[in-house]
Amino acid sequence: MTCLSQVHCVGSIRRDRTALRSLIAVLLLCTTLSVLGTDVLTSQYDDARTGANRDEQLLAPANVTPATFGRLFSYEVDGPVFGQPLSVTDVAGQDGKSRTLVFVTTTANSVYAFDANGDKDAVIWHRTLTRLPDGTEADIRGIWSTPVIDRASGTLYVVAGFKEGEHLRFAAHALDLASGRDRDGSPALVTGEVAVDGTRIAFAPTENRMAMQRAGLALAGGKLVVAFGGDFFEGWIIALDKNDLRKPSSAHCTTCTSRVTSISGVDYLDEKCTFVGPAGGVWQAGRAPAVDPAGHLYFFTGNKAHAILKGCPIPPGVNACSNCASGQTCICEGVGSPKVCRGPDTCAANSSGDGRSFDTHDALVRLDPRRGLAVTGWFRPDNWNIAGPEGLEINDLDLGSAGPVLVPGSTKLIGAGKQGVMYLLEGGSRGGSCTASARDDCLGPRGANPLQSFPIAPTPPAPNQYYRHVFGGPVLWTRPQGEGGSWVYTWREHDHLRAFRLSDRFEDCNAGHPASCDSWARSDDYIAHHPGGMLSLSSHGTDASSGIVWASTVQSPGGPGKLLAFRAMPPAETPGRLQKLWDSDDCTGDMPEAGSGFIPPTVANGRVYLATQAGTVVVYGAIERRECVRPEAPLIPHTLQF
């Protein structure tokens, strides 16, 4: 913690000596800026991934208005930003001064440290990671995930991607916060392997079987946790010793079992006939795996994929994904572009002969980093492999587009994926000597999950009925039951921002089949496009009058973006409505250069940091009182419908 600089305030006072109201506002801001700051060390603010900064002391609905809040400037960096900006207070620099630093990473493999109390040019240090750990030059593939910071040791962990020949390489770095230099035991290649029935399978991504490191990094059980996904690849979780990244790693592979024991002997490395698979990636739209107080990891995985090229035989198999009659072999005629057919192994969850390994795709997975990433629990929805429009596998409606949120003070978690269904799950252990296997999930009492599941909102009207995906996941404002209980916020594509009440269970629900739960409040604004709203919440603890839901959205990759702010608690006069406080379209000069993709805004110490794909991080905060002039042609229409 550190006292924040008052330089900006002094300059503001000198520029506006005549406007009494502006002067009072600025003086109040200067006084407030002497409070202790808040750290943002990890994806979605905390290990539970609540998406909530409950220690924001400066921003509140009363001062987030078009007249008093707006764009200050942008940090300019050397490439698109796909990681959430992080912020650390009281970092002692090499010059002996303590500063609050904002850390930004780019797809050019760069890491920046900015002085949070300076201007757009206040770069404290900048490193571009251009070589593999052994010094070999390789093509840069970028940093695509949110780093994680160990406050106690003053270390920022980041993973940079490279291409060496046909192979993809990933280098983990442990950087000193103050200087950006590598610490002892850093950098190191991210490597790992698993064994299935005696066959050893190595983490070996290539240009064709591409791994993407999109999920945020996590620290758990003394390990740096790195997650991978990819449509042509398996899902991998690899754990490195955080104190020495070069020590041997441990690994979990979500679908490597299918590489060895698929139901019809599929060779997933046969590029002549197998187009894609087995998949089951971990990406969660950038959200990091959640970590409970005991150090267990929780994450959602993507769907499996067994795709066969035109002219090749489709293996036999009897399930919802079979394309041949009566389980017989037939020749793929091919549909779509490229011409492919779905194979029956798509709808299969395979197990090894010794029972020690099993597929964990399209599921919630719990791992123990202290036991070599052993699977200690899992959950898979009942409709994962069914036929019809609600089948998760055959319709690409998997859980993996978002990540779970742990409910603090309990063993429960919440989450939603591409089907637009919210789940309340029991994440605690069953007790005794339960060993997770393909037949036993070991989460809570047998058959307990899901505790609740319900569609977040009605299915969008045609032709968009498929597009009801949730990306990133919900945010959770934990509050005592005596103060009205906790609130869960989510903004699905083709929907409004919605708030649900959560106590021991979601409230305002019926017991029908399928169940339904009414949102307690929603916004007037409606996002009719991908990816919906990426959310953060800020508040002064549990104070109902202080909560703000921040949302960013983007029209298309690299396209125009938008930042919005809503009162987290509905006003008494409109109890079902989440009132909009602020919109980057409303006043000239507030629009971001581009959208932020799947990255939510970071709120810290009176400022909001919005990463963009235009090589900038836009910084918003308190401004001198102004007369808001609306742009002649808003970048995004007020209704957010494209």
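Of all residues in region 406-421, which are under 18 Å from Leu443 (Cβ atoms), in a loop (DSSP other than H, G, I, E, B) and open to solvent by less than 40 Å² (accessible area, probe 1.4 Å)?
Listed by number, the residues that qualify are Val407, Gly417.
Go through region 546-561 residue by residue and tally those that are modelled with pLDDT of 95 or more and either hydrophobic (A, V, I, L, M, F, W, C) or over 18 Å from the mean Cα position of the chain (by Cα) (or both).
Total meeting the criteria: 6.
Here is a list of conditions, (1) over 22 Å from the mean Cα position of the chain (by Cα); (2) part of a loop (DSSP other than H, G, I, E, B); (3) under 18 Å from Gly606 (Cα atoms); (4) not hydroxyl-bearing (Ser, Thr, Tyr), and Gln94 meets all of them except one; can you say which number that is?
Gln94 satisfies all of (1) over 22 Å from the mean Cα position of the chain (by Cα); (2) part of a loop (DSSP other than H, G, I, E, B); (3) under 18 Å from Gly606 (Cα atoms); (4) not hydroxyl-bearing (Ser, Thr, Tyr) except (3).
Hey, Ser546 hits all of (1) on the phi < 0 side of the Ramachandran plot; (2) open to solvent by 10 Å² or more (accessible area, probe 1.4 Å) but one; which does it fall short on?
Checking Ser546 against (1) on the phi < 0 side of the Ramachandran plot; (2) open to solvent by 10 Å² or more (accessible area, probe 1.4 Å), the one that fails is (2).
Out of Lys412, Lys418, I need the residue that is basic (Lys, Arg), under 14 Å from Ala363 (Cα atoms) and in contact with a Gly (Cβ under 9 Å, 6 or more places away or on another chain). Which one?
After ruling out the rest, the residue left standing is Lys418.
Which of the residues that make up region 104-127 are hydrophobic (A, V, I, L, M, F, W, C), open to solvent by 10 Å² or more (accessible area, probe 1.4 Å) and closer than 16 Å to Gly142 by Cβ?
Ala108
Considering only region 230-247, how many residues are modelled with pLDDT of 95 or more, of a type outside the set (S, T, N, Q) and out of contact with any Ser or Thr (no Cβ under 6 Å at 6 or more places or on another chain)?
Matching residues across region 230-247 total 7.
Are any residues in region 350-387 of a type in the set (D, E, K, R) and not in a strand (DSSP E or B), and if so, which ones?
Within region 350-387, Asp354, Arg356, Asp359, Asp362, Arg370, Arg371, Arg380, Asp382 qualify.
What number of residues in region 299-329 are among the hydroxyl-bearing types (Ser, Thr, Tyr), crowded, with 24+ Cβ neighbours inside 10 Å and outside any loop (DSSP other than H, G, I, E, B)?
Within region 299-329, residues that are among the hydroxyl-bearing types (Ser, Thr, Tyr), crowded, with 24+ Cβ neighbours inside 10 Å and outside any loop (DSSP other than H, G, I, E, B) number 0.
Looking at region 204-223, which of its residues are at pLDDT 95 or above and of a type in the set (D, E, K, R)?
Arg214, Lys223
Name every residue in region 536-586 that is among the basic types (Lys, Arg) and closer than 18 Å to Ile599 by Cβ, in order of residue number.
Answer for region 536-586, where residues must be among the basic types (Lys, Arg) and closer than 18 Å to Ile599 by Cβ: just Lys562.
May I ask you to list the residues in region 255-267 that are open to solvent by 10 Å² or more (accessible area, probe 1.4 Å), assigned to a loop (DSSP other than H, G, I, E, B) and either under 16 Å from Thr360 (Cβ atoms) or at pLDDT 90 or above (or both)?
Across region 255-267, the qualifying residue is only Ser262.
Return the pair list, or none, for Cβ contacts closer than 9 Å from residues in region 46-62 that are over 15 Å from Leu535 (Cβ atoms) to residues that are open to solvent by 50 Å² or more (accessible area, probe 1.4 Å) and of a type in the set (Lys, Arg), at least 6 apart or on different chains.
Every condition considered, the pairs that remain are Pro61/Arg567.
Could you list all residues from region 70-90 that are surrounded by fewer than 21 Cβ atoms within 10 Å (Cβ to Cβ) and in a strand (DSSP E or B)?
Correct list: Arg71, Leu72, Phe73, Ser74, Glu76, Asp90.
The values are calculated or read from the model by the stated rules, or taken from the named source; none is laboratory data. A quick note: this is a predicted structure, and the numbers were derived from the prediction, not measured. No Cβ is skipped: glycine too gets one built from the backbone with ideal geometry, and neighbour counts run over all protein chains shown. Ligands, DNA and RNA are excluded from the accessible area calculation, which covers all protein heavy atoms including side chains. Shrake-Rupley method; radii C 1.70, N 1.55, O 1.52, S 1.80 Å.
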